[in-house]
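Here's the structure, in C-alpha cells; my notes come after.
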Amino acid sequence: MTGRVHKGSGADYISAVCLIVFGAAFSAAALKMRVFNNSLLVSPGLFPLILGGVFILLGFLLLRSAAKRGGKDQALHVLGKENLTAFFSSPKVRKGTVLLLLVVAYVAAVAYIPFLWATAGYLIVTFLYLKAMKLHWSILLAFAAAWVITAAFRDLFRIPMP
C-alpha cells in the first residue's frame, strides 16, 4: 500500500465480502435443488449455481483490488463503533427502519387479513407516520388505492386475492 487514501476502497471491500457471501448462498441453495436424470445440466439449479459462481469470482476480484487500495483498513474504520453508533442514531436510519418494519408487518398481515383491509391499514399507518396528509385524507386515499389495486388484480389480471 502506498499510504494514499483511495476513495471508495472501504465500500468496495465491504461490497466484495457481501458478493462472496451471497454468491456462496446462491450456490448452496442451487445445489439443494432437485436434479433430474442425475445431471446438473438439466437441473433448475444450474443457472443459480452459475450466478453464484460469477458473484463469488467477481467478489474475489473486487476484494483483491480493494485490498491493494487499503480497503480493509477503511472498511474497519467505517464499521468501527463510533461510526456505527452515529449511523444507527441517525433520524433517517430510524425512519427507514420503521418503514421497513411496517412493510414486514403488512406482508405478515396479508396472511391473516383480507388483502383490501391489510393494504388500506398499511397505507393509513404509513401516511400517518410520514405525516403525509391529514387523517381523513389518509383514510380516503388508502381505501381508494387499496380498492383499485384489489380490483385490478382480481378483475383485470384474474389473480386470486388472499
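The values are calculated or read from the model by the stated rules, or taken from the named source; none is laboratory data. Since the model is a prediction, treat every value here as computed from it, not as a measurement. We place every Cβ from the backbone using ideal geometry, glycine too, and count neighbours over all the protein chains shown. Note: accessible area is taken over every heavy atom of the protein model, side chains too, but ligands, DNA and RNA are not part of it. Shrake-Rupley method; radii C 1.70, N 1.55, O 1.52, S 1.80 Å.
Worth a mention:
- Segment 6-25, subset out of contact with any helix residue (DSSP H, G or I) (no Cβ under 6 Å at 6 or more places or on another chain) and among the β-branched types (Val, Ile, Thr), residue least open to solvent (accessible area, probe 1.4 Å): Val17
A quick yes/no check of all residues on (1) of a type outside the set (A, V, I, L, M, F, W, C); (2) in a loop (DSSP other than H, G, I, E, B); (3) modelled with pLDDT of 90 or more; (4) within 30 Å of Ser9 (Cβ to Cβ):
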{"site": "Asn83", "(1), (2), (3), (4)": "yes, no, no, yes"}
{"site": "Ala86", "(1), (2), (3), (4)": "no, no, no, yes"}
{"site": "Leu116", "(1), (2), (3), (4)": "no, no, yes, no"}
{"site": "Gly121", "(1), (2), (3), (4)": "yes, no, yes, no"}
{"site": "Phe127", "(1), (2), (3), (4)": "no, no, yes, no"}
{"site": "Met133", "(1), (2), (3), (4)": "no, yes, yes, no"}
{"site": "Ser138", "(1), (2), (3), (4)": "yes, no, yes, no"}
{"site": "Arg158", "(1), (2), (3), (4)": "yes, yes, no, no"}
{"site": "Pro162", "(1), (2), (3), (4)": "yes, yes, no, no"}
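- Scanning segment 93-117 for residues that are aromatic (Phe, Trp, Tyr) and out of contact with any helix residue (DSSP H, G or I) (no Cβ under 7 Å at 6 or more places or on another chain), we see that the one that is surrounded by the fewest Cβ atoms within 10 Å (Cβ to Cβ) is Tyr112.
- Within segment 43-70, restricting attention to residues that are among the aromatic types (Phe, Trp, Tyr) and within 23 Å of Ser9 (Cβ to Cβ), the residue that is least open to solvent (accessible area, probe 1.4 Å) is Phe55.
- Residue within segment 142-155 that is touching a Ser or Thr at 6+ places or on another chain (Cβ under 8 Å), assigned to a helix (DSSP H, G or I) and among the β-branched types (Val, Ile, Thr) present: yes
- Residue among Leu100, Leu41 that alone is modelled with pLDDT under 85 and part of a helix (DSSP H, G or I): Leu41
- Matching residues, segment 118-151, being within 18 Å of Pro162 (Cβ to Cβ), in contact (Cβ under 8 Å) with a residue 12 or more places away in the chain and open to solvent by 80 Å² or more (accessible area, probe 1.4 Å): Trp147
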